[in-house]
Amino acid sequence: MRIALDAAQAAAARGETPVGAVIVDSTTGEVIATGSNSPISAHDPTAHAEIVALRAAAQIRGNYRLTGLTLVVTLEPCAMCAGAISHARIGRLVFGAADEKGGAVIHGPRFFDQPTCHWRPDVTGGVMAEESSALLKDFFKARRRKPTA
């Protein structure tokens with residue numbers, strides 16, 4: 001999660017929503033790929049941290065199926081990302097902060113609980129949730145501040 005948080009901070013430094021992700025080989029501990037939110041800079045609405053990391057890992061592995069790998073992300077994935085995680089056959093999903101508004105794992109549509117979901121990773125939520133949440137809150141608080149005259 002520390003690597004994912006570092007990626008989230010890098011996104012914040014670029015003015016992107018601070019969400020970071022890392023894909024790890026669970027058996028070796030090897031970091032396969034990292035990603036951070038970049039829809040603004042990439043001009044790509046799908047460039048969420050999870051998608052960026054999944055794309056990189058698939059290229060590195062030479063396969064779109066990432067069975068047996070663990071995806072660690074600082075924020076509960078949205079429906080789009082949950083769908084991509086399922087299609088990639090990620091073995092385990094670990095996330096930090098819950099997302100009551102946009103999350104789709106334990107909130108909203110609960111994507112992996114749907115009968116139409118063909119692949120369900122093992123899910124662990126709340127890992128370093130306070131730090132992940134604080135990063136997001138601080139980012140948006142700073143953006144809402146009005147300059148003093």
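The values are calculated or read from the model by the stated rules, or taken from the named source; none is laboratory data. Quick caveat: nothing in here was measured; it's all calculated off a predicted structure. Ideal geometry is used to build each Cβ from the backbone, glycine not excepted, and the neighbour counts take in all protein chains shown. For the accessible areas, the whole protein counts, side chains as well, though only heavy atoms, and no ligand, DNA or RNA atoms are used. Shrake-Rupley method; radii C 1.70, N 1.55, O 1.52, S 1.80 Å.
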Suppose R0 equals 22 Å; then what is the FRET efficiency for residue 92 and residue 14 from their Cβ-Cβ distance, rounded to the nearest 0.05?
-> 0.20
Kindly state, to the nearest 0.05, the FRET efficiency for residue 137 paired with residue 79, given R0 = 30 Å and r defined as their beta-carbon distance.
-> 0.85
Could you sort 44-54, 10-20 so that the peptide with the highest average Cβ count within 10 Å comes first and the rest follow in order?
-> 44-54, 10-20
Cα extents of region 34-149 per principal axis, largest first, Å, are 55, 27, 23
Surface accessible to a 1.4 Å probe, residue 122 within the full protein complex, Å² = 110 Å²
Just from its helices, what would the mean residue ellipticity at 222 nm be for the chain, if runs of 4 or more DSSP H residues each count -39500 (n - 2.57) and the sum is divided by every residue, rounded to the nearest 500 deg cm²/dmol?
-> -11000 deg cm²/dmol
